[in-house]
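Structure first, then comments.
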Amino acid sequence: MTNQRGFSAGELIVVLGVMFLVAGIILSSFVTFRKNQALVMDTDTVVEVLRQARNQTLSSKDSSVYGVHFASTKITLFTGNAYSSGSGSNQDFVLSSTDTILTISLSGGGSDIVFQRLTGETAQNGTIKVSSSGSTASTTVTIYKTGLVE
């Protein structure tokens, strides 16, 4: 009778299969976590840019009004009553590549919000839905007629 040491091919295949399964579960969880974090960061960016535009309008910075233009991969803080893509005063904020702005529902349509001097109100109140591609996760930013953002 001989005493054999080592692993058989079957045992090795089972161990490797379990390792690949565990690695797949961990990788999937990491990707989902990363997308959720990107969604939170992009939502925070949208809210902060809207608040910045309203605050700059209320403080009459450069004696002007400010607004925010929404596109699928970025948002733009602009000066004046209307968005102009070639303006040198525009400030672009690029969203995460995994997130897109899916639904822009503003009063009067369009994709711009402009705040009024002295009151901070806007005629373009409504909602912006930020959604993570490849996931069901989404957040909704509400802009009230008073200009407040939630």
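The values are calculated or read from the model by the stated rules, or taken from the named source; none is laboratory data. All of these numbers come straight from a predicted model, not from anything done at the bench. A quick note on method: Cβ atoms are made from the backbone with ideal geometry, for glycine too, and the neighbour counts reach across all protein chains shown.
Here are a few things to note about the model shown:
- If the condition is being within 13 Å of residue 54 (Cβ to Cβ) and touching a residue at least 24 places away in the same chain (Cβ under 8 Å), then the range 119-140 contributes 119, 120, 121, 122.
- Restricted to the range 109-150, and to residues there that are outside any loop (DSSP other than H, G, I, E, B) and hydroxyl-bearing (Ser, Thr, Tyr), the residue that is modelled with the lowest pLDDT is 132.
- For the range 58-73, filtering for residues that are touching a Leu at 6+ places or on another chain (Cβ under 9 Å), farther than 20 Å from residue 137 by Cβ and of a type outside the set (A, V, I, L, M) leaves 4.
- Subset of the range 41-61 (residues that are of a type in the set (D, E, K, R) and in contact with a Ser or Thr (Cβ under 7 Å, 6 or more places away or on another chain)): 42
- Scanning the range 88-102 for residues that are under 21 Å from residue 51 (Cβ atoms) and either of a type in the set (Asp, Glu) or surrounded by 13 or more Cβ atoms within 10 Å (Cβ to Cβ) (or both) turns up 90, 91, 92, 93, 95, 96, 99, 101.
- Residue within the range 27-42 that is surrounded by 13 or more Cβ atoms within 10 Å (Cβ to Cβ), touching a Leu at 6+ places or on another chain (Cβ under 7 Å) and closer than 30 Å to residue 126 by Cβ present: yes
- Looking across the range 63-83, the residues that are surrounded by 13 or more Cβ atoms within 10 Å (Cβ to Cβ), hydroxyl-bearing (Ser, Thr, Tyr) and more than 10 Å from residue 112 (Cα to Cα) come down to 64, 66, 79.
To keep it simple, each residue is scored yes or no on (1) assigned to a helix (DSSP H, G or I); (2) among the aliphatic types (A, V, I, L, M).
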residue: 21; (1), (2): yes, yes
residue: 31; (1), (2): yes, yes
residue: 40; (1), (2): yes, yes
residue: 51; (1), (2): yes, no
residue: 68; (1), (2): no, yes
residue: 75; (1), (2): no, yes
residue: 87; (1), (2): no, no
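- Filter result for residue 107 (under 23 Å from residue 31 (Cβ atoms) and surrounded by fewer than 18 Cβ atoms within 10 Å (Cβ to Cβ)): no
- In the range 22-75, of all residues being under 17 Å from residue 130 (Cβ atoms) and in contact with a helix residue (DSSP H, G or I) (Cβ under 6 Å, 6 or more places away or on another chain), the one that is modelled with the lowest pLDDT corresponds to 75.
- Test: residue in the range 1-14 that is surrounded by 13 or more Cβ atoms within 10 Å (Cβ to Cβ) and modelled with pLDDT under 90: no
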